[in-house]
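Peer 1: Here it is: the structure, laid out below.
Bear in mind that the values in this text are calculations on the coordinates, not laboratory data. As the structure is a computational prediction, the values presented were derived from the model and not from experiment. Virtual Cβ from ideal backbone geometry, glycine too; neighbours counted across all protein chains shown.
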Amino acid sequence: MRDSIKKAIGETVQDIMNSGFKTSFTEKELNSLGVTIPEVQLSTHQIKEIRETLNVSQTVFAKLLNVSPSSIRQWEQGKRQPTGSTRVLLDLLKRSPNILDYRLKA
């Protein structure tokens, strides 16, 4: 496959994925098209900023994320970093702070 065609297909696939359409590409297929899933990077300041945007304490934030309050403290102090799906969830909260509003019941 010519590089220009491969690049165009890769960009189209990336656009499809970014738009929210369901896809069933394998990692190998995505790699062959040059489509990458970037790693989520969050600084200690960003994690604290996400929590403050939600206007909740560390304890409440921990309950929303289903982690220990100690984890929140350690993330905000830079002693540890969130991992896996928690990192992705924090990135989603950074982009859409109201995403977990349903978890707060009045």
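Peer 1: Looking at (1) closer than 25 Å to LEU90 by Cβ; (2) of a type in the set (Lys, Arg); (3) surrounded by 12 or more Cβ atoms within 10 Å (Cβ to Cβ); (4) over 16 Å from the mean Cα position of the chain (by Cα), which is the one condition that is false for LYS7?
Peer 2: So the condition that LYS7 fails would be (1).
Peer 1: Return yes when THR12 is out of contact with any Phe, Trp or Tyr (no Cβ under 6 Å at 6 or more places or on another chain) and over 28 Å from PRO82 (Cβ atoms) and no when it is not.
Peer 2: So THR12 fits the description; yes.
Peer 1: Return the residues of region 49-106 that are assigned to a helix (DSSP H, G or I) and of a type in the set (S, T, N, Q); say none if nothing qualifies.
Peer 2: THR53, GLN58, THR59, SER70, SER71, GLN74, GLN77, SER85, THR86
Peer 1: Okay, moving on. Is it the case that GLN46 is assigned to a loop (DSSP other than H, G, I, E, B), touching a helix residue (DSSP H, G or I) at 6+ places or on another chain (Cβ under 9 Å) and under 30 Å from LEU104 (Cβ atoms)?
Peer 2: No; evaluated as a whole, the condition is false for this residue.
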